[in-house]
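Structure record follows, encoded as structure tokens.
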Amino acid sequence: MTGCGNGQTDGNSGIQAIDGSNKESQGQSNQAQDNQGQNNHGKTMLTLGTSDASWELTYAVDAYNARNGQYYVEIVNYVQEDQDYAAAEERLKLDLAASKGTDIIWMGSMVADELGYAGVLADLNTYLTPEEREKYLTNILEYAQTGDALYEIAATFMLGFIAGDSGKLGTETGWAMDEMLQIFRAYNKDANGFGGVGVNTAQELVQHAIGDFVDWDSGQADFCNQEFYDILEFCRNESGWVKATQETVASGTHLAVRCGLADVTDIQYTDWLLGDNWVVKGWPCHQGSGVTVSFWNSLAISSCSQCPEGAWDFLEYYMTLDWLEDYAALHPDLPPKTYAGIHGLPLDRLAFEEMLEWSTVQQYYDDTGEPVPFYFGEEGVPDFYANSMEDVKRIKEIVALADGRSLSDVSSVCRIIGEEISGYKTGALSAEKTAEKIQNRVQLYLDEHK
């Protein structure tokens, strides 16, 4: 069997290698390194680095190895005894930076934008021919890019946006930052007028419109401008997020709500929360709708892999209907075409259509004949059942609106913003000085990692 990629772990790091996703070893001896890529499968070996060898990932690797005649994937688990995921991910990133990484990378909470910018991830557009792109929802692929490159991909995706009463926010999707601020000021609202789970609204407004502040292709940051000063002012007195409810929305406490689509019943939840006349506004940005794309359980290919075509073969399997059907088979109690066991919406076009079609078919308990909820409500939220055709139509419309990418809130850029705005909120720094500090730190990061 021919070795693929560097496919070797750092002999001093104690990486646990899992052969067939189930065998552990502490590092590799010189003899094992000499025989890297050799076993009795008679296939070209690929290595997959991860900080979380979950049952789902293990199952995917086993299923791929069982059906593929050319390549064999071996998981390399970077988590050591008494070590957390964050430390494991740092070790994985160090190996990638030193060109000793695995062929395939399970991204976990690592930030593809930043790793791709640093040159350690391959651009997956290389392998996506026009014919192959048609297998997937093409606008999701297009707008999941970092600049002009696609560094990660997954079987499923999620969408994020801002929504609210169309009578207050306007009926059109998309708004620039100054337009959003004008509407909030008209209702005497600041960042506390947002409802839903948030980290820090200033960070969120940047991360969901990252292309307005960071140009990944040129490696330039731009925070010293009036738009960013206005964002800081908008968030100065933020007291922390409060979960939106029907009551807070109806009373006007929350003028707009952070929303998203990651499940077929999320559309029913938004209807329930906001009422009949809600509109998708999106996150404010210079261009586009502001409906942003993010992946769930994404994978990437190392730029130093010596067998990228083999790595892509595994990624392609993981994204396709074959894997989703294998995954669905693990949940025999669920209707097979709903893919209800997965998190997110399928990137595969056929699976996406099947999921929506089956989401309109109500299931019933065999023993009682009672309808089975698609979503079990809690904390005042009701159960949701099969979608209506109008629900399906609305989901498709929102997916078609997606045209942007969110930067992860654990990214270095977002952390820098969060660290520096604390001085502004206490009054110790002006908006201009705060922006200058953020600008200098982010630009230094970009310069150092190019």
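Couple of notes before you dig in:
- Tensor-based shape of the range 202-244 (alpha-carbon gyration tensor, a/c under 1.5 rounded, otherwise prolate or oblate): oblate
- For the range 145-206, the spread of Cα positions along each principal axis, largest first, Å: 41, 26, 21
- Residue-level accessible surface for Glu238, protein heavy atoms, 1.4 Å, Å²: 40 Å²
- Net charge of neighbours whose Cβ lies under 11 Å from the Cβ of Tyr375, counting Lys and Arg as +1 and Asp and Glu as -1: -4
- P(r) histogram, all alpha-carbon pairs of the range 256-295 included - 5 Å bins from 0, percent: 6, 20, 28, 26, 14, 6, 0
- Restraint check, Lys93/Lys135; Lys168/Lys393; Lys100/Lys135; Lys168/Lys396; Lys281/Lys450, Cα-Cα greater than 27 Å: Lys93/Lys135; Lys100/Lys135; Lys281/Lys450
- Anisotropy class of the range 171-328 from Cα gyration tensor, a/c 1.5 cut: oblate
- Here is the P(r) of the range 239-365: all C-alpha pair distances, binned every 10 Å from 0, give 10, 29, 29, 23, 8, 1 in whole percents.
- Qualifying chymotrypsin sites (Phe, Trp or Tyr not before Pro) for the range 344-444 [loop in DSSP, other Cβ within 10 Å: at most 12]: Tyr365, Phe376
- Span-like helix criteria (full DSSP H runs; alpha carbon extent of at least 15 Å along the helix axis; mean Kyte-Doolittle hydropathy of at least 0.0) are satisfied in the chain by 389-401, 412-425.
- Using alpha carbons only: equivalent-ellipsoid semi-axes of the range 310-418, gyration tensor based, whole Å: 29, 21, 15
- Rolling a 1.4 Å probe over the protein heavy atoms of the chain, with every protein chain left in place, gives an accessible area that is 47 percent carbon and sulfur.
- Accessible solvent surface per residue of the range 79-225, calculated while the other protein chains remain in place, 1.4 angstrom probe, Å²: 39 Å²
- Helix-only [θ]222 nm of the chain, DSSP H runs n ≥ 4, -39500 (n - 2.57) each, per residue, nearest 500: -11000 deg cm²/dmol
- When the range 286-330 is reduced to its Cα atoms, the Kirkwood hydrodynamic radius in Å: 13.1 Å
- Taking one quarter of the surface of the C-alpha convex hull of the chain gives a mean projected area of 23.3 nm².
- For the range 397-450, the per residue solvent-accessible surface stands at 46 Å², with DNA, RNA and ligands left out and a 1.4 Å probe.
- Using the empirical formula 2.2 N^0.38 Å as the baseline, the Cα radius of gyration of the range 34-169 reaches a ratio of 1.26.
The values are calculated or read from the model by the stated rules, or taken from the named source; none is laboratory data. Values in this document were obtained by computation on a predicted structure and should not be read as measured data. No Cβ is skipped: glycine too gets one built from the backbone with ideal geometry, and neighbour counts run over all protein chains shown. Surface accessibility is based on the protein's heavy atoms, side chains included, excluding ligands, DNA and RNA. Shrake-Rupley method; radii C 1.70, N 1.55, O 1.52, S 1.80 Å.
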